[in-house]
Amino acid sequence: MAESDPTWIARLTPTADSSVAALLGLPFGLDVWERHGGSLVVAAPESCLAELERRRLATVERWATREQYVAEMERRDP
């Protein structure tokens with residue numbers, strides 16, 4: 001995967017016109033880490049997240065890039 005399309009750890013909250021089940025059924029490269037009643041925590045390329053936003057299927061809350069997340073977890077691990 002190119003650096004220009006980083007992978008993000010993000011929370012996806014379906015819009016009123018969508019649902020968690022609908023998001024799970026999409027043919028996107030979503031690596032689902034957690035499933036909640038009203039949201040998903042995923043690792044996904046920026047291009048996929050941008051497409052979800054463009055289609056107004058989900059509100060995307062980007063938490064950290066994969067690299068940032070790994071660095072933070074390594075820093076926390078004594």
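No lab work stands behind these numbers, since they all come straight from the coordinates. Only a predicted model underlies this, so the values are computations on that prediction, with no experimental measurement involved. FYI the Cβ positions are ideal-geometry reconstructions off the backbone, even for glycines, and counts take in every protein chain you see.
Details
- Within segment 1-72, the GluC sites (Glu not before Pro) that combine a DSSP coil assignment with at most 11 other C-beta atoms in a 10 angstrom radius are Glu3.
- Ratio Rg/Rh, restricted to the chain and using Cα atoms, in which Rh is the Kirkwood radius: 1.00
- Taking label positions 7 Å along the Cα-Cβ direction at both Ala71 and Ala43, the computed distance is 1.7 nm, reported to one decimal.
- Computed from phi, the 3J(HN,Hα) profile of segment 33-42 under the Karplus parametrisation 6.51, -1.76, 1.60 (θ = phi - 60°) reads 9, 9, 10, 10, x, x, 6, 10, 10, 9 Hz, with x in place of Gly and Pro.
- Counting only DSSP H runs of at least 4 residues, each contributing -39500 (n - 2.57), and dividing by the residue count of the chain, the helix-based mean residue ellipticity at 222 nm comes to -9000 deg cm²/dmol.
- Magnitude of the charge dipole, the chain, Cβ model with Lys/Arg +1 and Asp/Glu -1, debye to 20: 280
- Derived scalar couplings ³J(HN,Hα) [segment 20-28; Karplus, 6.51 cos²θ - 1.76 cosθ + 1.60; whole Hz; x for Gly, Pro]: 4, 4, 5, 5, 5, x, 6, x, 9
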